[in-house]
Each structure stands twice: as structure tokens, then as C-alpha cells.
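Okay, structure first, notes after.
The values are calculated or read from the model by the stated rules, or taken from the named source; none is laboratory data. Bear in mind the structure is a predicted one, so any value in this text is a computation, not a measurement. With ideal geometry, Cβ positions are generated from the backbone for all residues, glycine too; neighbour counts draw on all protein chains shown.
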Amino acid sequence: MSMYAEYAATQVRGNEIARISDAVCTEDTFRLHLNGTQLAQIIASPDQLQELGAGFVICEGLAHEVAEVRVSGHDVLVYAQTDAKIDYELRSSGCIGIRGMPPAVQSALAIDPQQVFQVIGQIESDVWKRTGGVHCSVLFQNGELLVSSSDIGRHNTLDKIVGFAVLHHVDLSTCVVGCTGRQPAGMISKLAHAGIPIVVSKAATTDAGILLAERSNVTLIGFARGDRFTVYSHPERIRGLS
């Protein structure tokens, strides 16, 4: 399944009118199952579906490990040991778990300010450049880009990179996430459940996002653009700031 499709459109630029073929990002609805029970319907871009399933289960705090993920058509089948109570509501932007306070992240990771700019410099995907209609998240470890994910939903991009890490046995406590989207409490909760210590975003956060990041021991960085960034919680992980 392609991440985008070409559509005929009419473009207006000043006094000029032209017929064009425009690249538009695609979306679809997928049913996510956990241990044989349908867990949610997720509106997402149609790629990295195994990663999406694995990461969703981890980021929502339903399991600590994933045994297997299979994709059959529009069904994403995840198998994991869990004793969590499943309680979800569906929203137009995707599926967000209704769960308690995530655990505090345990990590000794510290990075230089230059690494913040390195992360944000890798955050624009080819699909975004072509369509302008997706979010992107990236996962870095030891200064190396491990994976990049694009999706119409910012939550989904985070689930996908976490799913990649889980399926490839990457220690998330040593990783930094970069993201194009806002960082409200729902995003911080996913990061904390996954055990990720640092997130760098091009966008804003919210008051609830900052409070949850402080409580869950996540270093939250926003407005990382050009030569600037703003650290809202746990600046001790950025060398030279304390």
C-alpha cells in the first residue's frame, strides 16, 4: 500500500490558474487485536503496520514485551503477555488509551546540545516533503539514526518507532526521539511507558505535557528550530545547561 496517491487539482498562484497532479497522503483504518481480542481501530498511514501494533501495546502500557505481530489485511494481530485492563475510547485522530500514571523513566542518558540539532535535522521525511500531510518521528541511539516513521497521526509515528525498537531488541532507555508534532500529555505518556528519556519536537507542548514530563522523568524539548530549542523538564540530561 502506498503512502500517497496522485490527484488532479486546480492550483491558483496569484493571477495564474493551472491544472496539476498533486501528491496526497493516504489513510486507512486498521483493527488492532491483542491476544485474539480486538483492542482498537486506528486511523493510520498504511505502512510499518507490525511496528504500529507492537509500539501501540508498549506505549499504552499494556505489556513490557511483545512476542509476535502479524498483519492480515486490515487486521494487526499482536501477541504479548499482559494482565492490564483494556479500556479505550476511539477518536478521529486515532486511538488513545485511558490509563493511569506511567512509571518514571530510568535512564542515565545525557546528550550535548549539538545532538538536539542533529535529531531535528533528520526529522523531515520524503513523504512529508512530497505531500506536506504527515507527521514524522525519528529514533536515535548513540548519535545514529535507527528508524524514521511517517504517518497522518503523530501518535502513530511514535508507536511505529517504538515498535521497531521492541521488535529489534533496542534498549529504549538509551534513545532520543525526535517528532514534528505537539507534545501534550498523551504523547508524554507514550514516551514514559516506553521508557524513552528524551524527546525533541519542532512544535509546542501543553501545560499538562510539561507536568507529566516532570513527574515521569522525561526531558521534554520543544520549538527545536534553526539554532534554538526550549527545554521544559529535566534539563540535566542536556550537558552544559545545569
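Inspect segment 159-166 for any residue being more than 15 Å from VAL138 (Cα to Cα) and acidic (Asp, Glu) and give the result as yes or no.
no
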Segment 163-206, residues that are polar (S, T, N, Q), surrounded by fewer than 24 Cβ atoms within 10 Å (Cβ to Cβ) and in contact with a strand residue (DSSP E or B) (Cβ under 6 Å, 6 or more places away or on another chain): THR174, THR180
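Every residue, every condition in (1) more than 21 Å from TRP128 (Cα to Cα); (2) at pLDDT 95 or above; (3) hydrophobic (A, V, I, L, M, F, W, C), yes or no:
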| residue | (1), (2), (3) |
| --- | --- |
| ARG13 | yes, no, no |
| ALA40 | yes, no, yes |
| ALA54 | yes, yes, yes |
| GLY73 | yes, yes, no |
| LYS85 | yes, no, no |
| ARG91 | yes, no, no |
Hey, can you tell me all the residues within segment 46-86 that are surrounded by 23 or more Cβ atoms within 10 Å (Cβ to Cβ), acidic (Asp, Glu) and out of contact with any strand residue (DSSP E or B) (no Cβ under 6 Å at 6 or more places or on another chain)? GLU51
Please work out which one of (1) surrounded by 12 or more Cβ atoms within 10 Å (Cβ to Cβ); (2) part of a strand (DSSP E or B) is the condition ILE20 fails and give its number. (1)
Going through segment 133-152 one residue at a time, which ones are surrounded by 24 or more Cβ atoms within 10 Å (Cβ to Cβ), under 13 Å from ASP47 (Cβ atoms) and of a type in the set (Gly, Ala, Ser)? SER149, SER150
Quick one: which residue in GLY226, GLY209, GLY222 is free of Cβ contacts under 8 Å to residues at least 40 places away in the same chain, farther than 20 Å from GLY55 by Cβ and surrounded by 14 or more Cβ atoms within 10 Å (Cβ to Cβ)? GLY222
